[in-house]
Amino acid sequence: MICRNISSCYAQRDRNFFLSLLSKATSLSHLTQTHAQIILNGYQNDLATVTKLTHKFSDLKAIRHSRDLFLSIPKPDLFLFNVLIRGFASNASPLSSLSLYTHLRKNTSLNPDKFTYAFAISAASGFKDEKYGLLLHAHSIIDGLGSNLYVGSIIVDFYFKFSRVELAQKVFDGMPEKDTVLWNTMISGLVRNCYYADSMRIFRDMVVGGTAFDSTTLATELPALAELQELKAGMGIHCLALKVGFHSDVHVLTGLVSLYSKCKELETARLLFGHITQPDLICYNAMIAGYTCNNETVSSVSLFRELLASGEKVNSSTIVGLIPVSSPFGHLQLTGSLQTFCVKSGIVSHPSVSTAFVTVYCRLNEIELARQLFDESPEKTLASWNAMIAGYTQNGLTETAISLFREMMSEFSPNPVTVTSILSACAQLGAISLGKWVHGLIKSKNLESNIYVLTALVDMYAKCGSIVEARKLFDLMTEKNVVTWNAMISAYGLHGDGHEALKLFTEMLHSGIQPSGVTFLSVLYACSHAGLVREGEEVFHYMVHNHGFEPLAEHYACMVDILGRAGKLEKALEFIKEMPVEPGPAVWGALLGACMIHKETELACVASERLFELDPENTGYYVLLSNIYSADRNFPKAASVRQVVKNRNLAKTPGCTLVEIGETPHVFTCGDQSHPRATEIYRMLDKLTGKMMEAGFQTETVTVLHDVEEEEKELMVKVHSEKLAIAFALIETAPGTEIRIFKNLRVCLDCHNATKFISKITERVIVVRDANRFHHFKDGVCSCGDYW
């Protein structure tokens with residue numbers, strides 16, 4: 001049609017006519033026909049016309065046409081340079097974009113302006129390496145455009161894309177003036193990089209400082225509040241939107257739907273969704289995700305079907321919202337069906353979709369399915385790597401998590417999510433050297449301002465035995481949330497310092513932070529391992545009556561443990577009988593453990609009978625009961641319990657101990673002969689045993705199998721994994737060096753006594769982490785006071 005109009009006109013047309021035609025062109029064929037008429041009418045060298053044509057070709061993804069047009073102009077102006085630099089950037093040709101920028105600087109007399117830098121820096125975002133953007137930032141400063149608002153906003157956004165939050169913040173802080181766009185860019189970048197608390201601070205500064213905010217500001221900040229479940233702050237933004245007239249903005253309403261959904265206010269979310277007259281796909285996605293995160297799977301699937309029936313084409317965000325990431329249990333079939341749908345529709349290859357599936361499969365302990373999806377993903381984002389690393393960590397496959405983390409480092413720079421996952425793996429494994437290396441990485445990447453990263457560091461140091469370092473980091477933190485306080489309180493409980501845990505709990509209450517269920521559990525655990533019965537009962541009473549928290553099975557189990565460890569077994573049994581809920585394995589297990597400590601056979605039978613009904617596959621309960629019978633010298637009964645385990649093919653978890661020498665982990669099992677230096681280790685063990693015997697040590701063999709000779713019993717406990725690990729550490733480390741070992745099971749009585757003697761004889765501090773807690777041995781004394 002355009003061509004016919006042109007052909008029918010005999011009179012030569014002017015530039016404005018062709019500029020108008022170019023503006024109306026909507027397809028490549030229209031554009032090429034118009035281009036032909038431009039040439040026929042002699043405007044092929046007219047800068048304004050060629051620039052407009054170059055722009056249009058670029059917008060229609062015909063970037064080669066744009067380049068050819070540019071090359072046909074003998075002396076392009078800055079405007080044309082900028083159009084093509086932008087065109088290359090928007091057509092995924094960052095190298096061509098920066099090559100053209102370089103040509104402009106080196107081979108012309110033109111000076112780059114704010115648009116040149118904005119487009120070139122946007123192009124630099126397309127590289128995996130941030131060095132090009134850093135160089136362009138330096139050039140903009142030299143050319144006096146570093147403080148330009150337009151350029152500054154692009155630079156801030158660039159740094160956020162590479163997760164260089166500290167550099168983005170530095171540029172933002174250094175801007176002499178800030179407009180709404182710059183503030184919005186800062187808030188959006190922080191939210192995208194999971195710095196939710198920081199985004200709240202920036203938003204608050206913006207409002208208090210009097211900068212005009214728009215609907216984009218509110219819509220950008222709402223996801224951060226949703227992630228933090230800051231309902232009160234979210235309601236404040238809702239009021240603000242009503243006050244300034246943004247309450248009907250579809251983006252703000254969509255953000256509010258997400259906020260109220262994630263804060264468990266589903267009815268409010270549903271009501272707001274109903275107020276959207278013509279909900280688009282983004283609105284539907286928000287409501288579907290809202291139902292899913294509240295475990296309203298039927299409603300989310302129903303709305304998804306409604307969306308499909310309407311003829312709307314779903315996208316990756318729809319599927320991600322539908323995948324039951326937050327509550328996957330019981331939804332394996334739904335997840336599989338969704339994966340099939342995604343394979344058929346071609347959405348499964350989208351990074352966010354495959355990442356969501358990986359996360360769900362990991363949480364359902366389908367780790368092989370998760371890894372297969374991860375390996376098959378054509379495009380692995382940082383979020384994809386994070387999901388797989390976190391999955392291995394959560395499933396106890398810490399060494400695989402660490403190995404994958406090292407592999408990831410060659411492709412991506414870690415963000416706070418990566419770091420918290422790998423620190424969790426270090427904490428589980430007791431890998432202090434790797435943990436310290438990650439700490440150094442955190443410093444080099446300037447991630448120390450992130451509250452979640454610092455909290456993970458506190459937890460890692462505590463669980464690797466460095467309670468002093470953990471407390472030092474905790475005290476240096478300017479901002480602490482409930483998870484931070486919980487980590488430090490739990491650390492003191494793990495190290496047996498109940499008094500310090502209680503003191504910290506009081507400080508937390510005075511700071512205005514509301515305790516959570518995990519807080520109370522951590523305090524009760526600390527009281528249990530320090531023998532603080534009265535204090536534990538007071539905390540439990542405060543939790544129920546003052547705080548109004550309904551105890552979970554773990555809280556009841558902790559109270560039984562507190563009473564049982566202190567020898568108040570009858571009181572513990574009465575507590576169980578008075579529980580308003582049916583006691584589960586955790587509660588009866590705590591009572592059985594207390595029976596072992598105090599050699600209470602009769603009550604142990606009651607507890608074990610219930611445990612064998614509730615958790616018949618747990619070998620640990622059979623082993624405990626057998627040990628209780630052995631301690632009571634009732635060897636036939638002990639043998640009969642072990643026979644049940646054998647007949648039912650129940651496998652006992654084998655004991656193993658890890659010790660780090662330098663940066664190398666060494667793992668030992670009972671009677672291990674596989675270590676290259678086994679001969680030296682056993683020679684050292686014999687030497688230690690001799691010195692220990694001279695000092696009065698007696699082997700504790702009461703719980704060892706009764707149908708072997710006493711001398712053989714002594715040999716059996718002599719080669720326990722923790723003794724082998726300590727002997728190896730004594731060979732490999734300099735005199736006076738602290739030794740740290742990590743046992744996967746509860747340390748036995750014989751090894752506990754032996755380690756006290758070894759610490760005295762060798763004048764070493766020996767730190768042992770077993771399945772329950774830390775033991776700090778020094779000068780023949782253990783920090784637990786033999787109360788464990």
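Structure data summary
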{"read-out": "Residue count for region 123-157, restricted to those that are surrounded by 18 or more Cβ atoms within 10 Å (Cβ to Cβ), small (Gly, Ala, Ser) and either modelled with pLDDT of 95 or more or assigned to a helix (DSSP H, G or I) (or both)", "value": "6"}
{"read-out": "Qualifying residues in region 697-751 (those that are at pLDDT 90 or above and assigned to a loop (DSSP other than H, G, I, E, B)) - the one farthest from the chain's Cα centre (by Cα)", "value": "PRO735"}
{"read-out": "Pairs, first within 13 Å of GLY330 (Cα to Cα) in region 354-372, second among the β-branched types (Val, Ile, Thr), C-beta under 8 Å, six or more apart", "value": "VAL360/ILE323; VAL360/VAL325; VAL360/THR335; TYR361/THR335; TYR361/ILE367; ARG363/VAL325; LEU364/THR335"}
{"read-out": "Residue check for HIS529: crowded, with 21+ Cβ neighbours inside 10 Å and either touching a His at 6+ places or on another chain (Cβ under 8 Å) or not basic (Lys, Arg) (or both)", "value": "yes"}
{"read-out": "Members of region 218-236 found to be touching a Leu at 6+ places or on another chain (Cβ under 6 Å) and farther than 22 Å from ILE513 by Cα, listed by number", "value": "LEU222"}
{"read-out": "Pair list, Cβ under 6 Å, 6 or more apart: region 506-526 residue free of Cβ contacts under 8 Å to residues at least 60 places away in the same chain, other residue among the charged types (D, E, K, R)", "value": "LEU521/GLU554"}
{"read-out": "Where LEU110 falls short, out of the listed (1) over 14 Å from SER140 (Cβ atoms); (2) assigned to a helix (DSSP H, G or I); (3) in contact (Cβ under 8 Å) with a residue 24 or more places away in the chain", "value": "(2)"}
{"read-out": "Which listed residue is farther than 21 Å from ALA390 by Cβ and modelled with pLDDT of 90 or more, from ILE442, ILE489", "value": "ILE489"}
{"read-out": "Counted residues, region 559-583 - those being charged (D, E, K, R) and not in a loop (DSSP other than H, G, I, E, B)", "value": "6"}
{"read-out": "Criterion: over 27 Å from LEU447 (Cα atoms) and not assigned by TED's automatic domain parsing to the domain that holds PRO416 - qualifying residue of ALA168, ALA124, ALA120", "value": "ALA120"}
{"read-out": "Some residue of region 53-62 being crowded, with 16+ Cβ neighbours inside 10 Å, within 21 Å of TYR117 (Cβ to Cβ), of a type in the set (Lys, Arg) and in contact with a helix residue (DSSP H, G or I) (Cβ under 7 Å, 6 or more places away or on another chain)", "value": "no"}
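The values are calculated or read from the model by the stated rules, or taken from the named source; none is laboratory data. Model, not experiment: these values are computed from the prediction. Note that we place each Cβ from the backbone using ideal geometry, even for glycine, and neighbour counts take in every protein chain shown.
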